[in-house]
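A.B. asks: Submitted below is the structure of interest, expressed as structure tokens.
The values are calculated or read from the model by the stated rules, or taken from the named source; none is laboratory data. Because the structure is predicted, anything quoted here is derived from the model rather than measured. Note that we place each Cβ from the backbone using ideal geometry, even for glycine, and neighbour counts take in every protein chain shown. Just the protein is used for accessible areas: all its heavy atoms, side chains included, with ligands, DNA and RNA removed. Shrake-Rupley method; radii C 1.70, N 1.55, O 1.52, S 1.80 Å.
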Amino acid sequence: MALTATLAGCSSLTPSSAGGDGDLVLRVQGMPPATDKPGVALFKKQVADFEKANPGIKVKGSTTVFDPLTFSAKLSGGNVEDVIRVPLTEPQRLIQQKQVQPITGQLKEWEHFKEFNPQVLQPLTDSAGDVYGVPQNPYAQGLVYNRELFEKAGLDPDRPPATWAEVRTAAKKISDSTGRAGFVHESKDNQGGWQLTMLSYAFGGELQKEEGGKYTATLTGEPTKKALGLLKDMRWKDDSLGKTLLNNQNDVIKQFAAGQVGMFMGSPGTYRLAKMQFGMENTDAFGVAPMPQSGGDSTLTGGDIYMVPKSADKKHAAAAVDWLTFAYAKPQYSTDMAAEQAKALSADPKSAVGVPTLPVFDKARQAEIDAAIKPYVNVKLQNFKPYTDGLSTLKLKPEPPFQAQTLYTALDPVVQAVLTKRDADIDALLASAEKDVNAKLAADQK
Amino acid sequence: MALLTPSRRPAAASKEPAPRTLPQRRRGTGARKQLTAWLFLVPALLVFGLFAWWPIVRSLLISFQKTNLVDPAVWVGLDNFRALFDDPLLATAVGNTLFFVGLGLLIGFPAPLVLAAIMSTVRRGAGVYRFLVYLPVVIPPVVAILLWKWFYDPGSGLFNNVLGKVGLGPYSWLESSDSAMLSLVLESTWAGMGGAVLIYLAAMVGIPGELYEAAEVDGAGIWRRIWHVMLPQLRSVIGLLLLVQLINTVQVFTEPYVFTGGGPDNSTLTVLLLIFRYAFQDGEYGQAAALSFLMVLALALLSGVYLRATRSWSTS
């Protein structure tokens, strides 16, 4: 009954209103929490600058973060801010469900619009070519590893594994010589499916195909089977995946921060989580490499996306795009703005300034930004070098474009079965998951 | 006399109508009182109607609609129900939920009764025991689950460490489809037992001591006293708590959501977790509402059958 109340209790609350003095009040997500003092100060300065440049608009920041538990209900009830921040897993679903609005027309008015990296914009774009958001700190998945455990296991931390066969060997060495988990694969809260997708990409797989405008799942491809076979061998032959097998991303990063994990698939951004959220003390042990490959030469991309929900009226939507351009697009283009932000953030020793991201524009522009923020960088950049050096050789692939979460939900139990049952039948598991997913996808595309 | 009698009669009669006029006066003020009562009731009824009944009606409507709760909803008839029955996970979720209910009955139901029976014999430090037994109820469920997650940790968890000292294990607990549900039941029994223990203890206090004494005089030992005196006296309380446990366990959500996310391999996927997935992961609000409604119907039916079957308990 709690759910029925939650479902039906949403009402159409007025999302925003004009300010008392006639100003338009724009409510935006993305304000850092009060504990992040430099972040809050930076945000306030941005707001002040924006309000100065856009008289008649008052920006009201919100510290609300994306929570899958409440987000859908709040969004459906029209009770969200005029600018929302979501992870890259969400935009396609929100676009398909028409819960966000296209911002292409107004975004094109910005002089540097055409210089956006098309690969970064692709997951935010619908089939008609309309763009629905502005990305911040985009990343590509790689292999995060503990340099200290590498050394203890007799491995060279400056030469991380480049193939999945090498990952398997390294994981076994770490596991055998240190007793820690050599490699951890996430397996619950849809992250098992998400990680299997990226692993499958590395083996050359595709989990979804589009024909005549209709999407179907292709979970039974040979690369996906090989990827699962690798996990099965690592679990049951090598025993190198550790003891705790039901993990989501936070579980894994928490264990990694405590020095319990040799390797996992993650992005440079997980450094921020390990250090700031889970108190990783020996941050010098954090290393990251590009995604190891076994024939796919691809890696999955992600990041934070700022979007305008459908509940924002025309005036608020227009102001929202102005804010998106000012607060997120320009600082990723302008070296002055980027340096100013880095300086403000570096005031806090607990911060992580300089964590590499994918270029939102082009490589040359990103290089200029990197040079501008260099004096304020407080992370050990050389530990990120294998990642930044190797990334250019890989194709960046977005997540499955249609109902990715449905795929992930179906793949979680497949991953879990392989990790917890010695006799798990990979072919049968994938065939059953594919059938289930395709029934759901077909129903959604009637 | 003849005159007097009638003259008295009216006097007596004048007394008689008094009770008749009283109800008339009551009716007059009663209407006003009723109006006042209704005025006081209206806010509560409105709030109750708006926040309890309207959502239920709305969700019944949604179960026949395809909606994202933003665009106008489209009526789809029984499509949501058909989609539900086409989903193989429904059978898994129902089976798992019934398994949880069964294990709960087997382990979780007798535990508080046994504990209360033991505690009722304790005289010294009874308050301390009651406090200790009730403490888990006060702990927020998610905190308790996170604590037990550490107990269950297959590597460094408390249970495997302790069992290892006597040569048992290590066990996978949450990491194996065979033991995951049992692990959930053990935690939820620990977490929810305190309330039932207190209710049983309160009911046990109400059992007349003479009954035990009489039984003792008749030569009944402790087990006979429990079986023939205590349990029959507690019958209605046991019946009520059984129904409450059935309803609660059918609606299990927090444990599988926080402990295992429904895994491994869907072995702890329950009906409520499936409803949650439909609504908040897949955005299939219609399907979620349809399954919610089926669940409410099933629970109402279960309660009705149960109450009918156990009616004799409370009247005997």
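A.B. asks: Given N residues in the range B:136-194, what is Rg(Cα) / (2.2 N^0.38 Å)? Each step should come with its number before you reach the end.
C.D. replies: Working: Rg = 11.8 Å, N = 59, 2.2 N^0.38 = 10.4 Å.
My calculation over the Cα atoms of the range B:136-194 gives 1.14.
A.B. asks: Turning to a different aspect of this structure: Using only Cα atoms, find the angle between the long axis of helix A:191-202 and the longest principal axis of chain A, and express it within 0 to 90 degrees, rounded to the nearest 10.
C.D. replies: Taking Cα atoms only, the helix is inclined about 70 degrees.
A.B. asks: Choose one answer from B:G30, B:G206, B:G286: the residue with the largest mean-square fluctuation in a GNM of chain B with alpha-carbon springs under 10 Å.
C.D. replies: Highest fluctuation among the options: B:G30.
A.B. asks: Okay, next question. Just for the Cα atoms in the range A:350-446, what are the lengths along the principal axes, largest first, rounded to whole Å?
C.D. replies: Extents along the principal axes: 54, 39, 30 Å.
A.B. asks: Angle between the Cα long axis of helix B:141-152 and the longest principal axis of chain B, 0 to 90 degrees, nearest 10?
C.D. replies: Approximately 30 degrees, to the nearest 10.
A.B. asks: To the nearest 100 Å², how much accessible surface do chains A and B cover up together, summed over both, with a 1.4 Å probe?
C.D. replies: So the total buried area for this chain pair works out to about 3400 Å².
A.B. asks: Could you give me the ³J(HN,Hα) list for the range B:37-47, computed from phi with Karplus coefficients 6.51, -1.76, 1.60 and θ = phi - 60°, whole Hz, x at Gly and Pro?
C.D. replies: The phi angles translate into 4, 4, 4, 5, 6, 3, x, 5, 5, 4, 4 Hz.
A.B. asks: Pick from A:G129, A:G302, A:G269 the residue whose mean-square fluctuation is largest in a GNM of chain A, springs joining Cα atoms under 10 Å.
C.D. replies: A:G129
A.B. asks: Taking accessible area as the heavy-atom solvent-accessible surface of the protein chains with a 1.4 Å probe, which residues of the range B:249-267 lose no less than 40 Å² upon going from the isolated chain to the full protein assembly?
C.D. replies: So the qualifying set is B:D265.
A.B. asks: Using a 1.4 Å probe on the protein chains only, how many percent of the accessible area of the protein assembly as shown belongs to carbon and sulfur?
C.D. replies: Summing carbon and sulfur atoms, their accessible area is 60 percent of the total for the protein assembly as shown.
A.B. asks: Springs between alpha-carbon atoms under 10 Å, Gaussian network over chain B: tell me which of B:Y278, B:Y200, B:Y129 tops the mean-square fluctuations.
C.D. replies: Its mean-square fluctuation being the largest, the pick is B:Y129.
A.B. asks: So what is the diffusion coefficient of the range B:171-316 in µm² per second by Stokes-Einstein at 20 °C and 1.002 mPa s, using a Kirkwood Rh over Cα pairs?
C.D. replies: It diffuses with D of about 117 µm²/s by this estimate.
A.B. asks: Right, something else. Near A:K58, which aspartates and glutamates are there with a Cα under 15 Å away, not counting those fewer than 8 places off in the same chain?
C.D. replies: Output for A:K58: A:D21, A:D23, A:D49, A:E81, A:D82, A:D322.
A.B. asks: Something else now. What number do you get for the range A:88-214 when its Cα radius of gyration is normalised by 2.2 N^0.38 Å, N = residues?
C.D. replies: Ratio of Rg to 2.2 N^0.38 Å for the range A:88-214: 1.44.
A.B. asks: Hey, can you list the residues from the range A:174-223 whose accessible area shrinks by 40 Å² or more with all protein chains present, relative to the chain by itself (probe 1.4 Å, no ligands or nucleic acids)?
C.D. replies: In the range A:174-223, residues shielded by partner chains: A:K188.
A.B. asks: Go through the range B:54-73 and flag every residue whose accessible area shrinks by 30 Å² or more with all protein chains in place compared to the isolated chain (probe 1.4 Å).
C.D. replies: Listed by number, the residues meeting the 30 Å² cut-off are B:P55, B:I56, B:R58, B:S59, B:N68, B:L69, B:V70, B:D71.
A.B. asks: A follow-up question, please. What pairs in A:K60/A:K108; A:K114/A:K209; A:K173/A:K363; A:K275/A:K421 have C-alpha atoms more than 31 Å from each other?
C.D. replies: The answer is A:K173/A:K363; A:K275/A:K421.
A.B. asks: Averaging over all projection directions, find the projected area of the Cα convex hull of the range A:209-354 and quote it in nm² with one decimal place.
C.D. replies: Mean orientational projected area (the range A:209-354, Cα hull): 14.0 nm².
A.B. asks: A further question on this structure: Projecting each Cα onto the charge dipole of the protein assembly as shown (Lys/Arg +1, Asp/Glu -1 at the beta carbon, about the Cα centre), which of B:G155, B:M230, A:I174 comes out farthest on the positive side?
C.D. replies: Of B:G155, B:M230, A:I174, it is B:M230.
A.B. asks: Right, next: Hey, how much of the P(r) for the range A:270-386 falls beyond 17 Å, as a percent of Cα pairs?
C.D. replies: Within the range A:270-386, distances greater than 17 Å cover 67 percent of Cα pairs.
A.B. asks: Put +1 on the Cβ of each Lys and Arg and -1 on the Cβ of each Asp and Glu in the protein assembly as shown; which of A:S432, A:A140, A:M234 then has its Cα farthest toward the positive end of the dipole?
C.D. replies: A:S432
A.B. asks: What accessible area per residue comes out for chain A, rounded to a whole number of Å², with a 1.4 Å probe?
C.D. replies: Spelled out: the 1.4 Å probe surface of chain A, per residue, equals 41 Å².
A.B. asks: Here's a follow-up. Could you grab the relative contact order for chain B? Cα pairs under 8 Å, six or more apart, rounded to a whole percent.
C.D. replies: Value for chain B: 26 percent.
A.B. asks: Where does the Debye-calculated log10 I(q)/I(0) of chain B sit at q = 0.09 Å⁻¹, using only Cα point scatterers of equal weight, no solvent?
C.D. replies: Cα-only, vacuum Debye calculation for chain B: -0.71.
A.B. asks: Oh, and also: How high is the FRET efficiency from B:L45 to B:I139, r the C-beta distance, R0 56 Å, rounded to 0.05?
C.D. replies: The pair B:L45/B:I139 has a calculated efficiency of 0.95.
A.B. asks: Next question, about the same structure. Report, to one decimal in Å, the Kirkwood hydrodynamic radius for the protein assembly as shown based on all distinct Cα pairs.
C.D. replies: 29.9
A.B. asks: Another question about this same structure. Please compute the average number of Cβ atoms from other chains found within 10 Å of each residue's Cβ in peptide B:170-177.
C.D. replies: 3
A.B. asks: Which entries in the list A:K226/A:K435; A:K435/B:K149; A:K52/A:K314 go over 24 Å, if you measure between the two C-alpha atoms of each?
C.D. replies: Result: A:K435/B:K149 exceed 24 Å.
A.B. asks: One-quarter of the Cα convex hull surface for the range A:33-142, in nm²?
C.D. replies: 9.2
A.B. asks: Looking at chain A, I'd like the Rg to Rh ratio, where Rg is from alpha-carbon atoms and Rh is Kirkwood's inverse mean 1/r.
C.D. replies: Working: Rg = 22.2 Å, Rh = 23.0 Å.
With Rh from the inverse mean 1/r over Cα pairs, Rg/Rh is 0.97.
A.B. asks: About the Cα centre of the protein assembly as shown, what is the dipole size in debye to 20, counting +1 per Lys and Arg Cβ and -1 per Asp and Glu Cβ, all else neutral?
C.D. replies: 3300
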